[in-house]
Amino acid sequence: MQAPYRATSMDFLTDYSKYASKPFIPVNPSAAAGSNILNSLDTLVVVNNELPSDATGRNPAAADYFQKLRDFVLAGGNLVLTDGAIRALGRMNLFDGNAVRFGQGYVGYVDIQDHNHPFTKGLPPAARQTYDPITLGYQLRIERDGHWAGNPESGTANMAPIWMVDRAAWEKAGGVTIATSDPLSQPKSAADEGTATDKVSVGTIKFGKGRVVFIGALLPDPTDKYPHWFGLGSYGVTFTGHYLFSQSITYSAPDRAPLSATEAATTLIGAGTGLPTTARAAASGSSPAWAVGLAGAALVTGLGVLGRRRRRLVNPANTAIGDSA
């Protein structure tokens, strides 16, 4: 009998906020589409799913949601799209959606092309892996490890999701290429990944007064599709992945407006509905900033930063893996 469990990539933002000078606050797509909440933020992070299900059940019209994201960037905001969320660019009418690519590798990785870029400067020359797939329930091809030589067929496969965009299209649109990936996308291959540099997996692109940052192999949704006898983690971000993410959210947007108390309270309470109950609790032992009901310290955490002009925002409703029996 499998004990109930939950895993969600949103736990990465929960944990990250414990150490951030400007913690993340959660918002639902309905709040992003139906209010001016984005006008108060430096950075908006959308993880893997370009338009997640709304935690309140009030799913917004897609056109309204993507228009708000577009307006946010053009007005000076910093939009960070990880993994499959890169598909948002096409729906924002800022980039050719047909240029998006998907592959599967041994692990989540990027090949850095510019070691002097602010996002990568200071990383070791060999820095490459951005997340561990095993933690998230994905397999890797064990035959690729030398210690498996001489053993029977393992039945394993390369499964780590890696999202990319066509480099020529990216740079033609004004994008800057920081890293590329060339996953073999061959489940049973034991060979190393390819060496082609024609697919961008880390990059930035300016639109209007703002910018979009893309990190294509960082926070895929956990999966319980395959055996995971030793548990299932919410994220497996490596040092390199963490470094890239930290640089991507280091940004100050111009002319940010403060949130009203009513707007903030509505946004935060809506974001709490239906979220994982196993997210890390606040230091006092009360609910975390986006736990159900926003009880105790969570409400204090949310309202305690209302006076700040610049905030970071994360979409809280990305896929959560449910109970397994």
Handout entry: log₁₀ of I(q)/I(0) at q = 0.13, 0.16, 0.17, 0.18 Å⁻¹ - the stretch 135-239, Debye sum with one point per alpha carbon
Key = -0.62, -0.85, -0.92, -0.98
Practice task
Write down the radius of gyration of the stretch 1-111 and its Dmax, each obtained from C-alpha positions, in Å.
Solution key: 15.6, 52
Exercise for the section: Excluding residues fewer than 8 places away in the same chain, name every one of the lysines whose C-alpha is closer than 19 Å to that of Lys121. Expected result: none
Practice task
Net charge near Gly208: determine it from the other residues with C-beta under 11 Å of the C-beta of Gly208, scoring Lys and Arg +1 and Asp and Glu -1.
Solution key: +3
Problem - Mean Cα-pair separation over length for the stretch 40-113, i.e. relative contact order, pairs under 8 Å, 6 or more apart, % - result: 37
Problem - Qualifying trypsin sites (Lys or Arg not before Pro) for the stretch 175-208 [loop in DSSP, other Cβ within 10 Å: at most 14] - result: Lys188
Fill in the blank from the handout: Where a ≥ b ≥ c are root eigenvalues of the Cα gyration tensor, a/c under 1.5 meaning rounded, otherwise prolate if a/b exceeds b/c and oblate otherwise, the stretch 78-162 counts as oblate
Practice task
DSSP loop (so not H, G, I, E, B), at most 10 other Cβ within 10 Å: list which chymotrypsin sites (Phe, Trp or Tyr not before Pro) in the stretch 136-238 pass both filters.
Solution key: Trp229, Phe230
Problem - Mean separation of Cα contacts under 8 Å (6+ apart) over length of the stretch 1-84, as relative contact order % - result: 33
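A short reminder: the numbers here are calculations on the coordinates, not readings from a lab. Computed from a prediction, not measured in an experiment: that's the story for all the values here. In this analysis, Cβ positions are derived from the backbone assuming ideal geometry, glycine residues included, and neighbour counts consider all displayed protein chains.
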